[in-house]
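Visitor: Just dropping this structure here.
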Amino acid sequence: NAGVTQTPKFQVLKTGQSMTLQCAQDMNHNSMYWYRQDPGMGLRLIYYSASEGTTDKGEVPNGYNVSRLNKREFSLRLESAAPSQTSVYFCASSDKRRERLGEQFFGPGTRLTVL
Amino acid sequence: KQEVTQIPAALSVPEGENLVLNCSFTDSAIYNLQWFRQDPGKGLTSLLLIQSSQREQTSGRLNASLDKSSGRSTLYIAASQPGDSATYLCAVSSIFNQAGTALIFGKGTTLSVSS
């Protein structure tokens, strides 16, 4: 049981490049989330997916697109990376019961630097 | 809009001291409150989760309290150790549009315990 996995662990991009951050969970959870964490800040919600085929914007969605490919996978895409998107990105998942309890399982994070 | 504030932003104590970390939130309509630990460059580890109907939770040397009506929580760490050095994040679980819930995080308190 790997839990929540994220790839890559580290990435350096140049301004204007595109990339996709991958997230997968093997806990059969319905809900998945993408957060970003900037230095000295807590996590902020980028996008949320309540189930396969549905996505909702969070607090800071600008500059990102997401895709809920299937129940296991939730990807985050930067179409044209900007230095302001330098951050640590965390993926999380939860099921309906745990979601009501506020319990989310977090991946290890992807550290992204945009030059 | 729910906002979570943590005080102090940083704290340095000698080993053996008891200490209190504070968290406040603006909207009392929460499902629960959670304390996380984050080591430098690492992901999040859930320490304690308090449901909105509960007043406190304990785990080993950690005790977290919740006063929903006043919008406050405290994390008490007894007999601190150098291994407790980390950033502690407070997060509340609130309704997110009509699709589910999301965690709203504070910016964290960075704790340093010297031997």
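Visitor: With A:GLN104, A:GLN85 as the choices, which residue is at the interface with another protein chain (Cβ under 9 Å from one of its Cβ atoms), out of contact with any Asp or Glu (no Cβ under 6 Å at 6 or more places or on another chain) and polar (S, T, N, Q)?
Guide: Details: A:GLN85 fails: at the interface with another protein chain (Cβ under 9 Å from one of its Cβ atoms).
Within the list A:GLN104, A:GLN85, the selection yields A:GLN104.
Visitor: Can you tell me which residue is nearest to the other protein chains (Cβ to nearest Cβ) among those in region A:22-34 that are out of contact with any Asp or Glu (no Cβ under 9 Å at 6 or more places or on another chain) and crowded, with 22+ Cβ neighbours inside 10 Å?
Guide: A:TYR33
Quick grid of which residues meet (1) among the β-branched types (Val, Ile, Thr); (2) under 17 Å from B:SER28 (Cα atoms); (3) within 11 Å of another protein chain (Cβ to nearest Cβ); (4) surrounded by 16 or more Cβ atoms within 10 Å (Cβ to Cβ):
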position: B:ASP67; (1), (2), (3), (4): no, yes, no, no
position: B:ALA78; (1), (2), (3), (4): no, no, no, no
position: B:THR87; (1), (2), (3), (4): yes, no, yes, yes
position: B:VAL92; (1), (2), (3), (4): yes, yes, yes, yes
position: B:PHE96; (1), (2), (3), (4): no, yes, yes, yes
position: B:GLY106; (1), (2), (3), (4): no, yes, yes, yes
position: B:THR110; (1), (2), (3), (4): yes, no, yes, yes
position: B:SER114; (1), (2), (3), (4): no, no, no, no
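Visitor: Return the residues of region A:38-50 that are surrounded by fewer than 20 Cβ atoms within 10 Å (Cβ to Cβ) and either within 14 Å of A:PHE106 (Cα to Cα) or more than 9 Å from chain B (Cβ to nearest Cβ) (or both); say none if nothing qualifies.
Guide: Passing the criteria: A:ASP38, A:PRO39, A:ARG44.
Visitor: Just to verify a result, which residue in region A:65-87, among those that are of a type in the set (A, V, I, L, M, F, W, C) and surrounded by fewer than 17 Cβ atoms within 10 Å (Cβ to Cβ), is farthest from A:GLN17 (Cα to Cα)? Please lay out each step first, then the result.
Guide: Here is the first cut: in region A:65-87, the ones of a type in the set (A, V, I, L, M, F, W, C) are A:66, A:69, A:74, A:76, A:78, A:81-82.
From what is left, the residues that are surrounded by fewer than 17 Cβ atoms within 10 Å (Cβ to Cβ) are A:69, A:82.
Working: A:LEU69: 22, A:ALA82: 8 Å.
Per the criteria, the residue is A:LEU69.
Any read-out appearing in this document is the output of simple, stated calculations on the displayed coordinates, not a laboratory observation. As the structure is a prediction and not an experimental result, all values here were calculated from the model. Note that each Cβ is placed from the backbone with ideal geometry, even for glycine, and that neighbours are counted across all protein chains shown.
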